[in-house]
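All remarks here apply to the structure that follows.
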Amino acid sequence: MATLVLTVIGDDRAGLVSALAEVIAAHGGNWEASQMAELAGKFAGIVTVSVDDAGADGLTAALAPLDGLLDVSAHRAGTLPGAEPAGREIHLDLVGDDRPGIVQEISAVLARHQVNVVRLTTETAEAPMSGGRLFRAWATLVAPDGLDLDAVQADLERVANELMVELQLGREADRPTP
């Protein structure tokens, strides 16, 4: 079985998911996981599809005619389906006044400590009191076993103070259950 990771982007309109799903199903593919959203008038996403090894090239070729409706790139998965990075899962929540460089500064700290970003969601929104824009980020991270999380938190807090953002770093066990 082959696992394909598809990236898709196109002008947002009704029927895009249906068009993509139709091609996947017609070629024996199984839509396993996806993350999709409208962003600045574009519909963008990523989809994981499993398909018989013999059908992978045919599915990939069949996606090309969607160009114009959706630009689709297909990539064979580099690891076994469902494989996750080893280590401890931690979560990062951040909010502050929007400005360029927030993601770069925070991700540089994580990279220095070999912390893997496995999921990142960001958004900007109107700040209720100041009239400016707020930047929010939520991330799921995997820290290597044995990593000094207090040192990571100290580095992140130093950068957060420079950026004037609020940041919380929590281990899975620290998070309250709903």
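The values are calculated or read from the model by the stated rules, or taken from the named source; none is laboratory data. Note that the structure is predicted; figures quoted are calculated from it, not measured. FYI the Cβ positions are ideal-geometry reconstructions off the backbone, even for glycines, and counts take in every protein chain you see.
Pairing each residue of region 36-50 that is assigned to a loop (DSSP other than H, G, I, E, B) with any residue that is of a type in the set (Asp, Glu), provided the two are 6+ apart or on different chains, yields C-beta distances under 6 Å for GLY41/ASP12. When every residue of region 51-72 is checked against the conditions, none turns out to be among the small types (Gly, Ala, Ser), out of contact with any His (no Cβ under 8 Å at 6 or more places or on another chain) and assigned to a strand (DSSP E or B).
Can you work out which of the residues in region 124-138 that are in a strand (DSSP E or B) and among the hydrophobic types (A, V, I, L, M, F, W, C) is modelled with the lowest pLDDT? Walk me through how you get there before you give the answer.
The initial filter retains those residues of region 124-138 that are in a strand (DSSP E or B), namely 124-126, 133-138.
Filter once more, keeping what is among the hydrophobic types (A, V, I, L, M, F, W, C): 125, 134-135, 137-138.
Details: ALA125: 91, LEU134: 94, PHE135: 95, ALA137: 96, TRP138: 96.
That would be ALA125.
Look at (1) at pLDDT 95 or above; (2) touching a Phe, Trp or Tyr at 6+ places or on another chain (Cβ under 9 Å) and you find that LEU70 fails only one, number (1). Among the residues of region 13-22, is any outside the structural domain of THR122 (by TED's automatic domain parsing), among the hydroxyl-bearing types (Ser, Thr, Tyr) and part of a strand (DSSP E or B)? Checking region 13-22: not a single residue is outside the structural domain of THR122 (by TED's automatic domain parsing), among the hydroxyl-bearing types (Ser, Thr, Tyr) and part of a strand (DSSP E or B). Quick check on VAL47: is it more than 27 Å from ARG136 (Cβ to Cβ), surrounded by 13 or more Cβ atoms within 10 Å (Cβ to Cβ) and not assigned by TED's automatic domain parsing to the domain that holds ARG133? Criteria not met by VAL47.
Output the residues belonging to region 95-142 that are farther than 20 Å from GLU162 by Cβ, loosely packed, with under 15 Cβ neighbours inside 10 Å and polar (S, T, N, Q). Once the filter is applied, which keeps residues that are farther than 20 Å from GLU162 by Cβ, loosely packed, with under 15 Cβ neighbours inside 10 Å and polar (S, T, N, Q), region 95-142 yields GLN114, THR121.
Going by what's in this entry, would LEU141 be described as of a type in the set (A, V, I, L, M) and part of a strand (DSSP E or B)? Answer is yes for this residue. When each of GLN168, GLN114, GLN104, GLN153 is tested for being within 23 Å of ALA37 (Cβ to Cβ) and either out of contact with any Leu (no Cβ under 6 Å at 6 or more places or on another chain) or not assigned by TED's automatic domain parsing to the domain that holds GLU38 (or both), the lone residue that passes is GLN104.
Quick grid of which residues meet (1) of a type in the set (Phe, Trp, Tyr); (2) without any contact (Cβ under 8 Å) to a residue 24 or more places away in the chain; (3) not assigned by TED's automatic domain parsing to the domain that holds ALA37:
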site: VAL72; (1), (2), (3): no, no, no
site: LEU92; (1), (2), (3): no, no, yes
site: ARG119; (1), (2), (3): no, yes, yes
site: THR122; (1), (2), (3): no, yes, yes
site: GLY132; (1), (2), (3): no, no, yes
site: ALA143; (1), (2), (3): no, no, yes
